[in-house]
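Take a look at the structure set out below.
The values are calculated or read from the model by the stated rules, or taken from the named source; none is laboratory data. Just so we're clear, the structure is a prediction, and the values are computed from it rather than from any experiment. For neighbour counting, all protein chains shown are included, and Cβ atoms are generated from backbone atoms with ideal geometry for every residue, glycine included.
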Amino acid sequence: MTDKNQNSPHSLEDQNEIKKKEKVPQSSEKGPLSFLSGAITSFFFAWLSFLLSRKVVFYFVLHSPHYTSQFAQSIASAMKTLAIGMCFLATFTFAFIGIGLCIVFIRSFFPDKPLEDD
């Protein structure tokens, strides 16, 4: 029994190492198709965000809040600015991500230059 107890911790460690190696995913590099699909998706979301931004601006132009209290008018103006700003922020964020992915897509066709040691 003592031999089994002494061998079992080592075999459990070996089994754990084998399981860890099996669970580690193989490093797969992203290809040009992945960059292209990401760029198209990002531009699609930028377009949707732009349409939403336009509708939000038109809504607030047609339905501008008018309050008698200066404090309420200030809060309404701040909320309107925040809503419009967040919509356009989403638009430009998706657009810049799409531009970056397009650049990476084009760059993926050129091989990397090997680094020279001095």
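Would you call K20 in a helix (DSSP H, G or I), at pLDDT below 95, loosely packed, with under 10 Cβ neighbours inside 10 Å and among the basic types (K, R)?
Yes, satisfied.
Give region 38-69 a look and list any residue that's under 20 Å from the mean Cα position of the chain (by Cα) and aromatic (F, W, Y), or say none.
F43, F44, F45, W47, F50
In the list F45, F58, F94, which residue meets the criterion of being exposed (fewer than 11 other Cβ atoms within 10 Å of the Cβ), modelled with pLDDT of 95 or more and in a helix (DSSP H, G or I)?
F58
Can you confirm whether region 66-73 contains a residue that is modelled with pLDDT of 95 or more, at negative phi and among the aliphatic types (A, V, I, L, M)?
Checking region 66-73: not a single residue is modelled with pLDDT of 95 or more, at negative phi and among the aliphatic types (A, V, I, L, M).
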